[in-house]
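Only one structure is covered here, and it is reproduced in the block below.
The values are calculated or read from the model by the stated rules, or taken from the named source; none is laboratory data. Just so it is clear, the model here is predicted, and its values are computed rather than measured. Cβ coordinates were reconstructed from backbone atoms using ideal geometry, including for glycine residues, and neighbour counts include every protein chain displayed. SASA here: full protein model, heavy atoms, side chains in, ligands and nucleic acids out. Shrake-Rupley method; radii C 1.70, N 1.55, O 1.52, S 1.80 Å.
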Amino acid sequence: MQALTLSLIQTELHWENRDANLDMFRQLMDQVPASAHVIVLPEMFSTGFSMDPQKLAEPMDGYTVSWMKQEAMQRRKIIAGSIIIEEEGHFYNRLIWMQPNGIAYHYDKKHLFGFAGEDAFYTAGSNKVIVQVNGWKINLQICYDLRFPVWARQNPPNVHQEEGPSYDVLLYVANWPERRIKAWDTLLAARAIENQCFVIGVNRIGNDGNDIYHNGSSSLIDPWGEVLWNCTDRQEIFTYTLDKEALLSARTRLPFLKDSDSFIIL
């Protein structure tokens, strides 16, 4: 497991304006240090959290994914963030993990936010996606998934095998409003403690097109539940190198994952 440096970008989003958002993120990514391996953008970073996929959705070979591919190759960094994708007549809130070699992995949001009508416009994903970089295993999730701990739970059968826990980092990209930010802050820490992993939450700031305010509170939390970074109410690019010793120490000093319950997700 080598060092892993991530740059997390918290910012406002231009409502349903792809070109303005991509121009903004291009400029922000120019400020990311050369040492970063991964750049993380918020949920629906090209549009904001819109319930108008018929107007905004793109195919996987469309403009935004091509933009991510070009930027990742040019910067020689992984770029991660979710966008609206249309595929075979369905719309997905899809987290794209774009690598510098042009190969992309993706995760489709499983838990759709029915309170805002997301389930009426989008199709839920059904597969967990764990990517790897520098020996680190990263579990990709999106916003509302945070409220469902079973979906993020370490897989007990893997814990008893030589490879150990199924992932090392739990990554959430989000458009989580300020009015429910206490739940965001609390659950990010809970996911870190119960899964003995680093947890990263990258949220947006500012008002969206429905006049819903977001204060960010993007965070990086260690396996003990300690907050290493939190930022509210301002744009920020935060860069941090994950410490493998901190991860291994938490798991060896308190090896409680081996005692966790077995389960099957239907």
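Odds and ends about this structure:
- GNM top mover of T11, T47, T64 - the chain, alpha-carbon springs below 10 Å: T64
- Mean separation of Cα contacts under 8 Å, 6 or more apart, over the residue count of region 34-132: relative contact order %: 25
- About its Cα centre, the dipole of the chain is roughly 520 debye, where the only charges are +1 on Lys and Arg Cβ and -1 on Asp and Glu Cβ.
- The mean sequence separation of alpha-carbon pairs under 8 Å and at least six residues apart, normalised by the residue count of the chain, gives a relative contact order of 21 percent.
- Whichever lysines have a C-alpha closer than 25 Å to that of K137, once near sequence neighbours (fewer than 8 apart) are set aside: K69, K77, K109, K110, K128, K244, K258
- Lys/Arg +1, Asp/Glu -1 at C-beta; the chain dipole; positive extreme among F256, V131, V199: F256
- Maximal additional length on extending the I265-R179 stretch stands at 27.9 nm, based on 0.36 nm per residue less the C-alpha distance.
- Using the Stokes-Einstein relation with a Kirkwood hydrodynamic radius computed over Cα pairs, the translational diffusion coefficient of region 12-105 at 4 °C and a viscosity of 1.567 mPa s comes to 97 µm²/s.
- Computed [θ] at 222 nm, helices only, for the chain once each DSSP H run of length n ≥ 4 contributes -39500 (n - 2.57): -6500 deg cm²/dmol
- Computed label-point distance, nm, for sites V150 and T241 using a 7 Å Cα→Cβ extension: 4.1
- Region 44-148: GluC sites (Glu not before Pro) in DSSP loop, at most 12 other beta carbons within 10 Å: E88
- Counted without the sites themselves, the longest stretch of the chain free of trypsin sites (Lys or Arg not before Pro) in a DSSP loop having at most 14 other beta carbon atoms within 10 Å is 77-233.
- For region 57-96, a Kirkwood radius taken over Cα pairs fed into Stokes-Einstein (10 °C, viscosity 1.306 mPa s) yields D = 151 µm²/s.
- Accessible-area value, F238, 1.4 Å probe, nucleic acids and ligands omitted, Å²: 40
- Just so you know, the averaged projected area of the alpha carbon convex hull for region 33-87 sits at 4.0 nm².
- For region 67-81, 3J(HN,Hα) per residue [Karplus equation, 6.51 cos²θ - 1.76 cosθ + 1.60, θ = phi - 60°, Hz, x = Gly/Pro]: 4, 4, 4, 5, 5, 5, 5, 5, 8, 6, 9, 6, 10, 10, x
- Under the simplified labelling scheme, the N207-A3 pair shows an inter-label distance of 4.3 nm, with each label point 7 Å from Cα along Cα→Cβ.
- Beta bridge orientation in the chain: antiparallel %, DSSP, nearest 5: 70
- Our compactness index for region 77-213, the C-alpha radius of gyration over the empirical 2.2 N^0.38 Å, is 1.08.
- Antiparallel content of DSSP bridges confined to region 112-250, in %, to 5: 60
- 3J(HN,Hα) along region 118-125: 4, 5, 7, 10, 10, 9, 6, x Hz, from the Karplus curve 6.51 cos²θ - 1.76 cosθ + 1.60 with θ = phi - 60°, whole Hz, x for Gly and Pro.
- Under the Karplus curve 6.51 cos²θ - 1.76 cosθ + 1.60, θ = phi - 60°, whole-Hz ³J(HN,Hα) for region 101-109, x wherever Gly or Pro sits: 7, x, 8, 10, 10, 8, 10, 9, 3
- Taken about its Cα centre, region 182-238 carries a charge dipole of about 40 debye when Lys and Arg each add +1 at the Cβ and Asp and Glu each add -1 at the Cβ.
- Test item: Cα-centred dipole of region 1-147, Lys/Arg +1 and Asp/Glu -1 on Cβ, debye: 660
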